[in-house]
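The values are calculated or read from the model by the stated rules, or taken from the named source; none is laboratory data. These numbers come from a predicted model, not from an experiment. Note: ideal-geometry Cβ built from the backbone for every residue, glycine included; neighbour counts use all protein chains shown. To get the accessible areas, we keep the full protein, side chains included, count just its heavy atoms, and leave off ligands, DNA and RNA. Shrake-Rupley method; radii C 1.70, N 1.55, O 1.52, S 1.80 Å.
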Amino acid sequence: MTPKGSAVDPLNELLAAIPSLAGRPATGEDRQRFARYLALLIEWNRVHDLTGFKDPGAIVHGLFVDSLLFLPQLPARPLRLLDIGSGAGIPGLPLHLIDPRIDVTLVEARQKRVSFLRTVRRELGLDGVHLVDARAEDAIREDPRLEGRYDVAVARAVTPTGAFLTVCRRWLRPGGRIVISGPPASRPLPRAPAGMGWVRASHPNLQLERAFLVSTDEA
């Protein structure tokens with residue numbers, strides 16, 4: 001029982017999940033960095049509506065912990081990861097904070113969100129996080145040097161249309177992977193697009209589940 005008047009740290013859930021999802025113990029640095037990320041997100045969210053989650057515990061569960069469910073679906077590290085439509089940095093920032101061997105490029109076109117991501121990168125000193133402030137299809141058209149540079153492209157809460165998957169593949173090196181988070185694993189899953197397949201990820205001990213669309217033709 002929590003003592004009367006004491007507050008439960010919303011990061012406790014994240015720290016408890018790290019050993020299962022990242023394969024290592026949680027550290028004081030994890031708490032410190034995610035606490036600053038959380039504080040910035042809450043502060044900016046009051047004005048800029050970066051996410052529909054308002055409560056700190058909901059942000060930790062629905063954004064931070066949910067992002068770590070991507071970890072088992074990623075190729076071997078070190079790797080270059082592309083987060084398309086990153087928004088508030090989800091899932092790319094939590095993935096990099098947990099494993100700095102994941103070099104992350106956040107692609108985000110909305111300027112308020114770009115400003116937020118720049119602030120997080122600066123305040124947390126994240127040299128392994130890079131920003132592309134444009135739509136994914138526009139950025140690669142304007143700078144062809146971006147083509148074929150990444151090991152994996154990830155996205156959250158997007159509709160995997162044929163056009164979207166084509167854009168993802170242009171960013172990837174030969175053999176690169178696409179990973180898109182879908183609904184909870186227990187729900188009926190729609191038919192996967194060509195070249196993609198569903199992977200169900202369940203962690204009963206953490207009361208977490210998610211289905212992922214993962215490329216089967218390895219771009």
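Couple of notes before you dig in:
- Of all DSSP beta bridges in the chain, antiparallel share, percent nearest 5: 35 percent
- Cα gyration tensor shape of the range 109-153, rounded if a/c is under 1.5, else prolate or oblate by comparing a/b with b/c: oblate
- Trypsin sites (Lys or Arg not before Pro), loop per DSSP, at most 13 other Cβ atoms within 10 Å - longest free stretch of the chain: 102-190
- Calculated from backbone phi, Karplus (6.51, -1.76, 1.60) coupling profile of the range 191-206 in Hz, x at Gly/Pro: 5, 6, x, 4, x, 10, x, 7, 10, 8, 10, 10, 10, x, 5, 9
- Using the rule -39500 (n - 2.57) for each DSSP H run of four or more residues, divided by the residues of the chain, the 222 nm mean residue ellipticity is -10000 deg cm²/dmol.
- The local environment of Gly148, defined by Cβ-Cβ distances under 9 Å, has a net charge of +2 under the rule Lys, Arg +1 and Asp, Glu -1.
- Residues whose placed amide H lies under 5 Å from that of Ala211, excluding near-sequence neighbours: Gly182, Ala185, Ala201
- The Cβ shell under 12 Å around Glu209 holds other residues with a net charge of +2, Lys and Arg each +1, Asp and Glu each -1.
- Other residues within the sphere of radius under 11 Å centred on the Cβ of Val167, judged by their own Cβ, net out at +1 (K and R +1, D and E -1).
- For the range 39-196, the per residue solvent-accessible surface stands at 44 Å², with DNA, RNA and ligands left out and a 1.4 Å probe.
- Gyration tensor verdict on the range 1-118 (Cα atoms; rounded if a/c is under 1.5, prolate if a/b is larger than b/c, oblate otherwise): oblate
- Rolling a 1.4 angstrom probe over the chain with all protein chains present gives an accessible area of which 52% lies on carbon and sulfur atoms.
- In sequence order, calculated HN-Hα J values of the range 62-78 (Karplus, 6.51, -1.76, 1.60; Hz; x Gly/Pro): x, 10, 5, 5, 4, 5, 5, 5, 5, 3, x, 8, 8, x, 4, 8, x
- The HN-Hα couplings worked out from phi for the range 90-100 by the Karplus form 6.51 cos²θ - 1.76 cosθ + 1.60 (θ = phi - 60°) are 9, x, x, 5, x, 5, 5, 4, 6, 9, x Hz, whole numbers, x standing for Gly and Pro.
- Arg46-Arg187 pseudo-label distance in nm [points 7 Å out on the Cα-to-Cβ vector]: 3.2 nm
- Rg ratio for the range 42-193: its Cα radius of gyration over 2.2 N^0.38 Å, N being its residue count, equals 1.01.
- A 1.4 Å probe, protein heavy atoms only, puts the accessible area of Ser181 near 10 Å².
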